[in-house]
Amino acid sequence: MLREFAWKTFENTGSVDAYVFYREIENFRKRNSQTRIAQDEVASSKQT
């Protein structure tokens, strides 16, 4: 939801700050996703 708000703000205003904020959210989501994948891999390797 915040991601969409940041994108719409950038889209409507052309604000560089809004775009940078949007990219920060995207980078956070990617890192968080990669962390979860790594944790799942570790958890599955411990089970075997």
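Just so it is clear, none of the values below were taken in a lab; they were calculated from the coordinates. In this text the structure is predicted, and so the values were computed from the model without any measurement. Every residue, glycine among them, receives a Cβ derived from its backbone with ideal geometry; neighbour counts consider all protein chains shown.
I need the full set of residues from region 21-48 which are among the hydrophobic types (A, V, I, L, M, F, W, C), exposed (fewer than 12 other Cβ atoms within 10 Å of the Cβ) and within 18 Å of the chain's Cα centre (by Cα), in order please. Write out each step before concluding.
Within region 21-48, the subset among the hydrophobic types (A, V, I, L, M, F, W, C) is 21, 25, 28, 37-38, 42-43.
Narrowing the set further to residues that are exposed (fewer than 12 other Cβ atoms within 10 Å of the Cβ) leaves 28, 37-38, 42-43.
The answer is Phe28, Ile37, Ala38.
Inside region 1-20, residues that are within 17 Å of the chain's Cα centre (by Cα) and not in a helix (DSSP H, G or I) make up a count of 1.
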